[in-house]
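Just below is one structure, and these are the notes that go with it.
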Amino acid sequence: MLTINENYLKLPGNYLFSEIAKRVSTYTAENPEKDIIRLGIGDVTRPLAPAVIDAMHKAVDEMGTIEGFHGYGPEQGYPFLRETIRQKDYIDIGVNISADEIFVSDGAKSDCGNIGDIFGGDNVVAVCDPVYPVYVDTNAMAGRAGDYDGTRWTDILYMPCNEANGFMPELPVRTPDIIYLCFPNNPTGAAATKPQLKLWVDYALKNGAVILFDSAYEAYITEEGIPHSIYEIEGAKECAIEFRSFSKTAGFTGNRCAYTVVPMDLKFGGTLLNRLWNRRQCTKFNGVPYVVQRGAEAVYSEQGMREVREIIDYYMNNAKVIRTGLQKAGLTVFGGINSPYVWTKTPGGADSWGFFDRLLREAGVVTTPGAGFGPEGEGYIRLTGFGDAEATKRAVERVVGIL
Ligand code: PLP
């Protein structure tokens, strides 16, 4: 008789955003006349850049011709996109990455989750707390997390990120094998400096660990001196895999395109991780649609870069409105400078679900309770700059009005 992967049964019932959706729909069913502003979920709202739309239209037309038709593409991505990424995201900032180290995919979420396929089941996993839940849940599915005790997984190493340490994880006492780092961070909005990342690169090299570096929000860095890639740190090519995405950079959340860099220098026990990831992708993945990859390529054109920058600035201005508005109202806020996320302390030490409910019921504003990102997130809520500018202003006024 069939047996199932019992690790799935250990997962806690409600995924964070499903629970939020449930509470919001209960509230709107009870109060259908109330106007709700959503500053919770991290999806983008602005339309795609015209340069992207033009490139995709052109690619669709090509697909309708004998000469321009594209069937299955290379599993690793079309050379035109891999070459463009190499040049614009790496060579131009002085980082030497080759095209065969870049794997184009349908999302940083899938890649961050799937990367575990190439690692042994007995590795010790370290994550920041609070954390993007995908890192934890996918390791739980793979049996690396132990058991869930209602707050934490018994075998995961949680690295607290809080006000006291500036939301930067400290080197753990017990040595992990797999270290997830995400900068600029979701949810706290913290960005790591070069010395801060260097500490982790040196630590990983010394301990034979791999760093899984999620830089999905790299495009939101505004301050000078903050690295845009972990490979700006010496030695990182021997210990780190980097995940990037067009989702937040260019509004591709519904288009699906991202990429993962697995350097050729990354070897463990004489095995090239690049070879394993290539094998994994070729077996389980059939590439990103040609039309979407042409759209992603257009992000790097002069026009594309300009248009995408305008959209990012729009979101970052929202983040500033949230940040300054809440600060003026006396709340303690973090993030919103190198990240679209504003991480806000709840007033009077309120618990984060309690404050979430209050903001929903009294202000009609949807946020994300910090506790949903891990135990250290308790006492915080996350607001995002991804909304409409006008609605964001109104939401901030309403929140300030109930404080
Ligand atoms: N990584 C982080 C930290 C994220 O916050 C998100 C989306 O919210 C993703 C990855 C997902 O990216 P993608 O849309 O490319 O799957």
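Brief remarks on what is shown
- Any hit, segment 148-159, residues being within 20 Å of Phe268 (Cβ to Cβ), more than 14 Å from the ligand (Cβ to nearest atom) and polar (S, T, N, Q): no
- Among the residues making up segment 138-154, those that are assigned to a loop (DSSP other than H, G, I, E, B) and more than 17 Å from Pro375 (Cβ to Cβ) are Ala142, Gly143, Arg144.
- Scanning segment 333-354 for residues that are surrounded by 23 or more Cβ atoms within 10 Å (Cβ to Cβ) and of a type in the set (A, V, I, L, M) yields one hit, Val342.
- Residues considered: Tyr72, Tyr8. Of these, the only one that is at pLDDT 95 or above, more than 24 Å from Ser301 (Cα to Cα), aromatic (Phe, Trp, Tyr) and out of contact with any helix residue (DSSP H, G or I) (no Cβ under 7 Å at 6 or more places or on another chain) is Tyr72.
- Among the residues of segment 198-213, those identified as more than 16 Å from the ligand (Cβ to nearest atom) and open to solvent by less than 20 Å² (accessible area, probe 1.4 Å) are Trp200, Val201, Ala204, Ala209, Val210.
- In the set Ala216, Ala250, Ala240, only one residue is away from the ligand (no atom under 13 Å from the Cβ), within 28 Å of Lys194 (Cα to Cα) and hydrophobic (A, V, I, L, M, F, W, C); that residue is Ala240.
- Only one of Arg294, Arg275, Arg256 that is within 12 Å of the ligand (Cβ to nearest atom) and at pLDDT 95 or above: Arg256
- Scanning segment 239-279 for residues that are assigned to a strand (DSSP E or B), over 16 Å from the mean Cα position of the chain (by Cα) and crowded, with 21+ Cβ neighbours inside 10 Å turns up just one, Ala240.
- Among the candidates Gly235, Gly225, residue that is surrounded by fewer than 18 Cβ atoms within 10 Å (Cβ to Cβ) and at pLDDT below 95: Gly225
- Failed condition for Gly121, given (1) out of contact with any helix residue (DSSP H, G or I) (no Cβ under 8 Å at 6 or more places or on another chain); (2) in contact (Cβ under 8 Å) with a residue 40 or more places away in the chain; (3) more than 16 Å from the ligand (Cβ to nearest atom): (2)
- Qualifying residue in segment 98-108 (condition: of a type outside the set (Ser, Thr, Tyr), open to solvent by 30 Å² or more (accessible area, probe 1.4 Å) and more than 22 Å from the chain's Cα centre (by Cα)): yes
- When segment 1-51 is filtered for residues that are open to solvent by less than 60 Å² (accessible area, probe 1.4 Å) and part of a helix (DSSP H, G or I), the ones remaining, listed by number, are Asn7, Leu16, Phe17, Ser18, Glu19, Ile20, Ala21, Val24, Tyr27, Thr28, Ala51.
- Of the residues in segment 75-94, not one is in a loop (DSSP other than H, G, I, E, B), modelled with pLDDT under 95 and more than 17 Å from Cys257 (Cα to Cα).
Yes or no, residue by residue, for (1) more than 22 Å from the chain's Cα centre (by Cα); (2) free of Cβ contacts under 8 Å to residues at least 24 places away in the same chain; (3) farther than 24 Å from Ser25 by Cβ:
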position	(1), (2), (3)
Gly325	yes, no, yes
Phe334	no, no, yes
Trp343	no, no, yes
Ala350	yes, no, no
Leu359	yes, no, no
Arg398	yes, no, no
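- Taking residues in segment 192-216 that are closer than 17 Å to Glu238 by Cβ and outside any helix (DSSP H, G or I), and partners anywhere that are more than 16 Å from the ligand (Cβ to nearest atom) and among the acidic types (Asp, Glu), the pairs with Cβ atoms closer than 6 Å and at least 6 places apart or on different chains are Ala209/Asp177.
- The listed residue being at pLDDT below 95, out of contact with any strand residue (DSSP E or B) (no Cβ under 6 Å at 6 or more places or on another chain) and open to solvent by 20 Å² or more (accessible area, probe 1.4 Å), out of Thr138, Thr151: Thr151
Per-residue answers, yes or no, for (1) within 22 Å of Tyr217 (Cα to Cα); (2) touching a residue at least 40 places away in the same chain (Cβ under 8 Å):
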site	(1), (2)
Ser18	no, no
Lys22	no, no
Lys88	yes, yes
Asp100	no, yes
Val104	yes, yes
Ala108	yes, yes
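The values are calculated or read from the model by the stated rules, or taken from the named source; none is laboratory data. If you're wondering where the values come from, they're calculated on a predicted model, not measured in any experiment. Ideal geometry is used to build each Cβ from the backbone, glycine not excepted, and the neighbour counts take in all protein chains shown. Accessible surface areas use protein heavy atoms only, side chains included; no ligands, DNA or RNA. Shrake-Rupley method; radii C 1.70, N 1.55, O 1.52, S 1.80 Å.
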